[in-house]
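S.K.: My structure is below; once you've seen it, I'll send some questions.
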Amino acid sequence: MTNHLIIGQYVPGHSVIHRLDPRAKLLIVFAYVLIVFLANNAATYALLSLFALAFAALSRIPFSFIARGLKPILWVVLFTLLLHLFMTKEGDVIYQIGALSVYEGGIKQGIFISLRFLLLVLMTTMLTLTTTPIEVTDGVESLLGPLKKMRVPVHELALMMAISLRFIPTLMEETEKIMKAQAARGVDFSGGRFSERMKAIVSLLVPLFISSFKRADELATAMEARGYRGGEGRTKFRQLAWKPVDTVFLAAVALLAALLCLLRS
Amino acid sequence: MAEPILSIEGVSFRYPNQSDYAVQNVSFTAERGEWLAIVGHNGSGKSTIARMLIGLLRPERGAIRLFGRLLNDATVWEVRRRVGLVFQNPDNQFVGATVEDDIAFALENNGIPRSEMVERIREAIRQVHMEPFLHYEPHRLSGGQKQRVAIAGILALRPDMIILDEATSMLDPRGREEVLETVRRLNRQQRITVLSITHDLEEAAKADRLIVMNKGEVMAEGTPEQIFRLGSKLERIGLDLPFAVKMGSRLREQGIPLRAGYFTTEELVEELWTLYSKK
């Protein structure tokens, strides 16, 4: 279904980026997403692109794979580009087609904004491509740890996230099974008018919901039977280890931010 | 006689908003190291008993004693550490993202330090012969393998007793044999008490002792030999006698002089091919 959309997928590997602490990766990407907005001229955008490309190169994931995955969002990028091309009226007129005129500022703005968008997607995709969902969960739980003092149920939220991730394949399998069972009973999922297809989907969703509730109930019972009683007094098996290389990468982002501040006009 | 590891005295239970008792005035005991099977048709109350034993449900009347202590709010967490329950659906009891995470789950709940966890997980996974799968996600495992992971999760807590609540009923024959073989080994080698709750008499035949439940009450109790002698009485409450037992009694009806008693499939074959040469 989603084989050409790689956003959210994990590609196993042992590169430096893969081995970074998930907390470091989350912080890097989060910081990057913020400092992207500092860029406003060619030099700063070049710097940002260089960083993102170096990050992607270090992950050892083939560029062709990443490029293929980014293809679906190219339309959005193109749309952004065109929108700015025609809507920004700054600088000299460069080209004129009928009532539409393309300004120099439009070209610049169009390229910058679409590049910004591309970089944002590239960096966030790099996070999910090199980090397993459970690592992301661990990282989020650890980073949000201080919020526990403000009574935010961080442990519960992380456990919820981990369990939903764990059940995605199970529910996919179930969906497939129900689809086949309903198809065997004459439900047509692929053809027909829109209203008919919606009806077909209802015949899929109802059993799926019912069984999910049943699963949730059984899972809760099993968790209780295994001594689960909330986050209090619980130890953790998964451990995150902050290594010097994580600090190096964070420092690199800090440096990047500083350079952007210097170079922006 | 040694102190029983588990004793239930006059336990009754009713689900909320129901007038009929799911379990009525049930009493029995289990010895340390024993393999006890509770058999019964759907709705006979056998799973309700399993849930009461680890404090998931509370009996309306009667007392449950485990390890010589009354089961109550103060002891329930210790009981859940020492008694492991394997449920029917392999998927709906797998909490962790991978095999090792799942085995760690109960250890985490009990506040075991991380350094000891690693050791205990390694030990538990070895006991269920699942070492190569330590980093596997659940959807890459078969049903039988998932149940063995569930057992490993219990073993990591170093339990005194394992309850199998229809734990093999959703498995294919091979998965079922894997799981039963694992539990049998643990029962023999480590003297872990096993309480197997099942409607499969074939499985129950391997127990030391059987308790037959019907409509929430204990109908019979005894060794497999004694229980299978009940014959059609078992069939009347919806239980299916093992093939070898049925075959044995049919052959006897036909006048074939088989020795008395019940048979496993292997024993029946042995008896048949030596029938004439023995004389």
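S.K.: Within the range A:116-124, identify whether any single residue is within 14 Å of chain B (Cβ to nearest Cβ) and without any contact (Cβ under 8 Å) to a residue 60 or more places away in the chain, and answer yes or no.
M.R.: No, that holds for no residue.
S.K.: Next question, about the same structure. Need at least 1 residues that are surrounded by fewer than 15 Cβ atoms within 10 Å (Cβ to Cβ) per element, so show me which helices (runs of 4 or more DSSP H) inside the range A:54-147 make the cut, counting only ones lying wholly within it.
M.R.: Ranges flagged: A:63-87, A:104-130.
S.K.: Now, a different point. Which residues, counting only those in the range A:71-98, are under 21 Å from the mean Cα position of the chain (by Cα) and not aromatic (Phe, Trp, Tyr)?
M.R.: Answer for the range A:71-98, where residues must be under 21 Å from the mean Cα position of the chain (by Cα) and not aromatic (Phe, Trp, Tyr): A:LYS71, A:PRO72, A:ILE73, A:LEU74, A:VAL76, A:VAL77, A:LEU78, A:THR80.
S.K.: Open to solvent by less than 60 Å² (accessible area, probe 1.4 Å), more than 9 Å from chain B (Cβ to nearest Cβ) and either in a helix (DSSP H, G or I) or closer than 22 Å to B:THR98 by Cβ (or both), is that true of A:ILE178?
M.R.: Judged against the criteria, A:ILE178 is a match.
S.K.: Does the range B:138-148 include one or more residues that are open to solvent by less than 40 Å² (accessible area, probe 1.4 Å) and touching a residue at least 60 places away in the same chain (Cβ under 8 Å)? Even if it seems obvious, please write down each step before you answer.
M.R.: Keep residues of the range B:138-148 that are open to solvent by less than 40 Å² (accessible area, probe 1.4 Å), which gives B:138, B:141, B:143-148.
Narrowing further to those that are touching a residue at least 60 places away in the same chain (Cβ under 8 Å): B:147.
Within the range B:138-148, one or more residues are open to solvent by less than 40 Å² (accessible area, probe 1.4 Å) and touching a residue at least 60 places away in the same chain (Cβ under 8 Å).
S.K.: Tally up the residues in the range A:3-12 that are open to solvent by less than 30 Å² (accessible area, probe 1.4 Å) and at pLDDT 60 or above, please.
M.R.: 0
S.K.: Restricting to the range A:148-158, name every residue that is out of contact with any Gly (no Cβ under 6 Å at 6 or more places or on another chain) and surrounded by fewer than 19 Cβ atoms within 10 Å (Cβ to Cβ).
M.R.: Answer for the range A:148-158, where residues must be out of contact with any Gly (no Cβ under 6 Å at 6 or more places or on another chain) and surrounded by fewer than 19 Cβ atoms within 10 Å (Cβ to Cβ): A:LYS148, A:LYS149, A:MET150, A:ARG151, A:VAL152, A:PRO153, A:GLU156, A:LEU157.
S.K.: Moving on. Output yes when any residue across the range A:204-221 is in contact (Cβ under 8 Å) with a residue 24 or more places away in the chain, under 30 Å from B:ARG51 (Cβ atoms), facing chain B (nearest Cβ under 8 Å) and not in a helix (DSSP H, G or I), and no when none is. So that I can check it myself, show each step before the final result.
M.R.: Initially, the range A:204-221 is screened for residues in contact (Cβ under 8 Å) with a residue 24 or more places away in the chain, giving A:204, A:207-208, A:211-212, A:215, A:219.
Keeping just the survivors that are under 30 Å from B:ARG51 (Cβ atoms) gives A:207-208, A:211-212, A:215, A:219.
Checking which are facing chain B (nearest Cβ under 8 Å) leaves us with A:215, A:219.
Imposing the further condition that a residue be not in a helix (DSSP H, G or I) reduces the set to none.
No: zero hits.
S.K.: Determine whether the range A:185-195 contains at least one residue that is modelled with pLDDT of 90 or more, surrounded by fewer than 16 Cβ atoms within 10 Å (Cβ to Cβ) and either over 30 Å from A:VAL136 (Cα atoms) or not aliphatic (A, V, I, L, M) (or both).
M.R.: Scanning the range A:185-195 turns up at least one residue that is modelled with pLDDT of 90 or more, surrounded by fewer than 16 Cβ atoms within 10 Å (Cβ to Cβ) and either over 30 Å from A:VAL136 (Cα atoms) or not aliphatic (A, V, I, L, M) (or both).
S.K.: Which residues, counting only those in the range B:79-118, are buried (at least 22 other Cβ atoms within 10 Å of the Cβ) and touching a residue at least 60 places away in the same chain (Cβ under 8 Å)?
M.R.: Within the range B:79-118, B:VAL83, B:GLY84, B:LEU85, B:VAL86, B:PHE87, B:PRO90 meet the criteria.
S.K.: Moving on to the next point. Kindly list the number of the only condition in (1) polar (S, T, N, Q); (2) without any contact (Cβ under 8 Å) to a residue 60 or more places away in the chain; (3) within 14 Å of another protein chain (Cβ to nearest Cβ) that fails for B:THR29.
M.R.: With respect to (1) polar (S, T, N, Q); (2) without any contact (Cβ under 8 Å) to a residue 60 or more places away in the chain; (3) within 14 Å of another protein chain (Cβ to nearest Cβ), B:THR29 is out only on (3).
S.K.: Out of B:LEU195, B:LEU268, which single residue is touching a residue at least 24 places away in the same chain (Cβ under 8 Å), closer than 21 Å to B:VAL86 by Cβ and among the aliphatic types (A, V, I, L, M)?
M.R.: The match here is B:LEU195.
S.K.: Kindly provide the set of residues from the range B:1-20 that are of a type in the set (Ser, Thr, Tyr) and more than 20 Å from B:ILE54 (Cβ to Cβ), ordered by number. Reasoning before the result, please.
M.R.: If we filter the range B:1-20 for residues that are of a type in the set (Ser, Thr, Tyr), which is where we start, we get B:7, B:12, B:15, B:19.
Residue satisfying the conditions is B:SER19 alone.
S.K.: Being in contact with a helix residue (DSSP H, G or I) (Cβ under 6 Å, 6 or more places away or on another chain), small (Gly, Ala, Ser) and open to solvent by 20 Å² or more (accessible area, probe 1.4 Å) is the filter; apply it to the range A:222-264 and report the residue that is nearest to the other protein chains (Cβ to nearest Cβ).
M.R.: Once the filter is applied, the top-ranked residue is A:GLY231.
The values are calculated or read from the model by the stated rules, or taken from the named source; none is laboratory data. What you see is a predicted model; the values in this text were computed from it and never measured. Cβ: placed from backbone, ideal geometry, glycine included. Neighbour counts: every protein chain shown. With ligands, DNA and RNA removed, areas are computed over all heavy atoms of the protein, side chains included. Shrake-Rupley method; radii C 1.70, N 1.55, O 1.52, S 1.80 Å.
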